[in-house]
Amino acid sequence: MTPAGRRPPAERLALPGVLTAAQIDATVAGIAAGQRDDGAIPWFRGHHLDPWDHVEAAMALDTAGEHGRAEAAYRWLAEHQNPDGSWYAAYADGDHRAPTDRARETNFTAYVAVGVWHHYLSTGDDAFLDRMWPVVYAAVEFVLQLQQPGGQIGWKREADGTAVTDALLTGSSSIHQALRCALAIAEHREEPQPDWELAAGLLAHAIRRHPERFLDKGHYSMDWYYPVLGGALTGDEAAARLAADWDRFVVPGLGVRCVVPNPWVTGGESCELALALWAVGQSDHAVEILRWIQHLRADDGMYWTGYVYEDDAIWPEERTTWTAGSLLLAVAALGGDEATTAVFGGERLPRGLEPDCRC
């Protein structure tokens, strides 16, 4: 037992029939091995870092009690934030001096708010929240500059500063979660942000009622479940959305397709669907999905990105920190980890102010 009388993190994350404590330890060690000394967490060493997946891996480290490593990941973001509040879309091996994609994507930038609030809830570290508040504030302000009159969030700014106002449903759904976490931070600090409340409400309305305001990417499974995972759809409406395309995207015994009609299931999408299922009270289905994808587990405790089942082939041949991270977040939610259930369950997150319309 730990000095506080609580079970060690690996034991708390163990999921009967899916993962043992020893297997959890191996997965956590695999993510930690991919982290650079400066805190950056690339997909794997030698590949690139993107800010969204960097945060996802940091959150996973927090679920496992690796708070120092997680804080180092957020310190990397704080130290290398662009003057406009953004981060670049990709950095070679997490080297801030070597951006490989200088576009600045809104959902990549917004996700820091989810990670920062998750870390605070995991640690209770007010000094950390004080240090990261200016980072979160600047990131949200960058993102909201690209919000469109209909509520949706433009995808990115190109390297030359050109705004891409087309909106992605998955990205905007992720931003919706991030805005709610940013509002939770502001509320905790007693620094109201009424503009953010309006923005979050308008965005939620667009996601729920106006699919025409987003690019048509309906052949991607993320566009199916992300309005649920991001918290814009809840209750019966969320359950109905997941049921409607279940047979289209879920391959029994293997996991979730990334995109139809390709015969390719992926670990990240499968774990995120498990989180969405947990959020709507379908924990049994969530556990089943996580059990299925254990065929992607490698000997080192990490997870292959995907599997082409018609060819019986692992593809691509890479084991990413974010795939392993999404798995740990899913088992943490199912196990009742308070920080993880708070940011993905959303019951205690501010909801913003919805527009007064019936459109």
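The values are calculated or read from the model by the stated rules, or taken from the named source; none is laboratory data. All values reported here derive from a predicted model rather than from experimental measurement. Heads up, the Cβs are rebuilt from the backbone with ideal geometry, glycines too, and the neighbour counts pull from every protein chain shown.
Things worth noting here:
- Those residues of segment 303-359 which are polar (S, T, N, Q) and within 29 Å of Gly46 (Cβ to Cβ), in sequence order: Thr305, Thr320, Thr321, Thr323, Ser326
- Matching option when the condition is without any contact (Cβ under 8 Å) to a residue 24 or more places away in the chain, touching a Leu at 6+ places or on another chain (Cβ under 8 Å) and basic (Lys, Arg), among Arg208, Arg157, Arg241: Arg241
- Total residues in segment 204-221, condition out of contact with any strand residue (DSSP E or B) (no Cβ under 7 Å at 6 or more places or on another chain) and surrounded by 23 or more Cβ atoms within 10 Å (Cβ to Cβ): 3
- Leu229 being outside the structural domain of Val114 (by TED's automatic domain parsing), more than 16 Å from the chain's Cα centre (by Cα) and within 23 Å of Leu277 (Cα to Cα): no
- Helices (runs of 4 or more DSSP H) contained in segment 229-285 and holding at least 3 residues buried (at least 22 other Cβ atoms within 10 Å of the Cβ): 267-279
- When segment 304-359 is filtered for residues that are free of Cβ contacts under 8 Å to residues at least 24 places away in the same chain, small (Gly, Ala, Ser) and not in a loop (DSSP other than H, G, I, E, B), only Ala313 remains.
- Of the listed requirements (1) in contact with a helix residue (DSSP H, G or I) (Cβ under 7 Å, 6 or more places away or on another chain); (2) outside the structural domain of Ala138 (by TED's automatic domain parsing); (3) closer than 17 Å to Trp322 by Cβ; (4) small (Gly, Ala, Ser), Ala29 misses just one: (1).
- Contact map, segment 267-293: first residue over 13 Å from Gly17 (Cβ atoms) and outside the structural domain of Val256 (by TED's automatic domain parsing), second residue at pLDDT 95 or above and assigned to a helix (DSSP H, G or I), Cβ cut-off under 7 Å, separation 6 or more or different chains; the map is empty.
- Scanning segment 153-163 for residues that are surrounded by fewer than 24 Cβ atoms within 10 Å (Cβ to Cβ) and either assigned to a helix (DSSP H, G or I) or among the hydrophobic types (A, V, I, L, M, F, W, C) (or both) turns up Trp155, Ala159, Ala163.
- Yes/no for Asp166 being of a type in the set (Asp, Glu), part of a loop (DSSP other than H, G, I, E, B) and at negative phi: no
- In this structure, Ala200 does not satisfy being touching a Phe, Trp or Tyr at 6+ places or on another chain (Cβ under 8 Å), on the phi < 0 side of the Ramachandran plot and at pLDDT 95 or above.
- The sole residue among Ala89, Ala127, Ala98 that is in contact (Cβ under 8 Å) with a residue 40 or more places away in the chain and farther than 15 Å from Val343 by Cα is Ala89.
- Checking segment 330-345 against the condition returns a match, with at least one residue being over 13 Å from Trp278 (Cα atoms) and in contact with a Ser or Thr (Cβ under 7 Å, 6 or more places away or on another chain).
- Leu179 meets each of the listed conditions (1) of a type in the set (A, V, I, L, M); (2) outside the structural domain of Thr305 (by TED's automatic domain parsing); (3) more than 20 Å from the chain's Cα centre (by Cα) apart from (3).
- Residue match in segment 63-74 (condition: hydroxyl-bearing (Ser, Thr, Tyr), crowded, with 19+ Cβ neighbours inside 10 Å, within 24 Å of Glu288 (Cα to Cα) and within 21 Å of the chain's Cα centre (by Cα)): yes
For every residue, the table says whether it meets (1) in contact with a strand residue (DSSP E or B) (Cβ under 7 Å, 6 or more places away or on another chain); (2) more than 16 Å from Ala332 (Cα to Cα).
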| site | (1), (2) |
| --- | --- |
| Cys258 | yes, yes |
| Asn262 | no, yes |
| Cys271 | no, no |
| Val280 | no, no |
| His285 | no, no |
| Leu296 | yes, yes |
| Asp311 | no, yes |
| Arg319 | yes, yes |
